[in-house]
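> Dropping a structure here in structure tokens format, bear with me for questions.
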Amino acid sequence: EFKKVTGNDWKPEAVQKENVSTDNLSKMISEQGDKVRKLKSDKADKSIVDSEVKKLLELKSEFKKVTGNDWKPEAVQKENVSTDNLSKMISEQGDKVRKLKSDKADKAIIDSEVKKLLELKSEFKKVTGSDWKPQVLNDDKPAAKSTQVTETTDSDSKLKKVTKLCIECKKSENLSSWYTQVLTKSDMLEYHDVSGCYIIMPWSYSIWEKIQQWFDKEIKKLGVKNTYFPMFVTREALETEKTHIEDFSPEVAWVTHCGNSKLEEP
């Protein structure tokens, strides 16, 4: 009866061949591809991997019969995907690539996922006419920033430590934090084990020397001469300053001993 109606012998794939949509077929290929990659990353038995690869090739062959074109990753939702969804896909794919790299996954798997990422970025450029940038996802919802910090998982935290390469706040939003990060991340200074003290590195100290030289030159033009005062001041002298300097609140470290001998007055 089947041969009378269709003119061909019945084959297993004929059951839904005519009704299967391109989108569904693309989805099946994508899912099968993910399955194959997972088996490879888990180092499954070769016979199992080969069997799943064979299924994947059959699905791709079926796709070509239906559409007349070879299957490509972006074919899954290529026609209907919006800019926002595409941005989200790029961001998620980027996270996936970074996680694979941090987990030191097989190079072939990483290369495959990087290729997908580049294809998504290329598709974004075709749709929007401009290159994809990370802030595309967050431009419309800046308030989500603080929430995101509290919801960071352990794996995200590890990843952040690996990728934390630049200034994490704006100068206009938090000057103190911005300035501290500029100094520490450019290796201009290092923290010391004494609170409030820092090690000024040679390249940053050379800047300070130039500032000193400029001030020294300009001050001497006014006829002022240099002098030197000891860095140590007695408590009595310091207390005296409080009486005539408004809001005087020095940050000092009191020296109470000279060697093993206690000083009469700090």
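The values are calculated or read from the model by the stated rules, or taken from the named source; none is laboratory data. All values derive from a computational prediction rather than experimental measurement. Reconstructed Cβ throughout: ideal geometry from the backbone, glycine too, with neighbour counts over all protein chains shown.
> Considering only residues of region 43-73 that are closer than 16 Å to SER112 by Cα and of a type outside the set (A, V, I, L, M, F, W, C), which is modelled with the lowest pLDDT?
PRO73
> So, one more: Restricting attention to region 180-214, and to residues there that are small (Gly, Ala, Ser) and either in contact with an Asp or Glu (Cβ under 6 Å, 6 or more places away or on another chain) or under 20 Å from CYS166 (Cα atoms) (or both), which single residue is surrounded by the fewest Cβ atoms within 10 Å (Cβ to Cβ)?
SER186
> Select from region 240-266 the residues that are modelled with pLDDT of 80 or more and of a type in the set (S, T, N, Q) and write down the one among them that is surrounded by the fewest Cβ atoms within 10 Å (Cβ to Cβ).
ASN260
> From the set of residues in region 187-229 that are in a loop (DSSP other than H, G, I, E, B) and at pLDDT below 80, which is farthest from THR256 (Cα to Cα)?
HIS192
> Filter region 36-62 for residues that are surrounded by 12 or more Cβ atoms within 10 Å (Cβ to Cβ) and within 22 Å of LYS104 (Cβ to Cβ) and give the result.
Of everything in region 36-62, those that are surrounded by 12 or more Cβ atoms within 10 Å (Cβ to Cβ) and within 22 Å of LYS104 (Cβ to Cβ) turn out to be VAL36, ARG37, LYS38, LEU39, LYS40, SER41, ALA44, VAL49.
> While we're here: Could you tell me which of the residues SER122, SER102, SER112 is in contact (Cβ under 8 Å) with a residue 60 or more places away in the chain, out of contact with any strand residue (DSSP E or B) (no Cβ under 6 Å at 6 or more places or on another chain) and closer than 14 Å to PRO73 by Cβ? I'd like the intermediate steps shown before the answer.
Details: SER122 fails: in contact (Cβ under 8 Å) with a residue 60 or more places away in the chain; SER102 fails: closer than 14 Å to PRO73 by Cβ.
Every option except SER112 fails the conditions.
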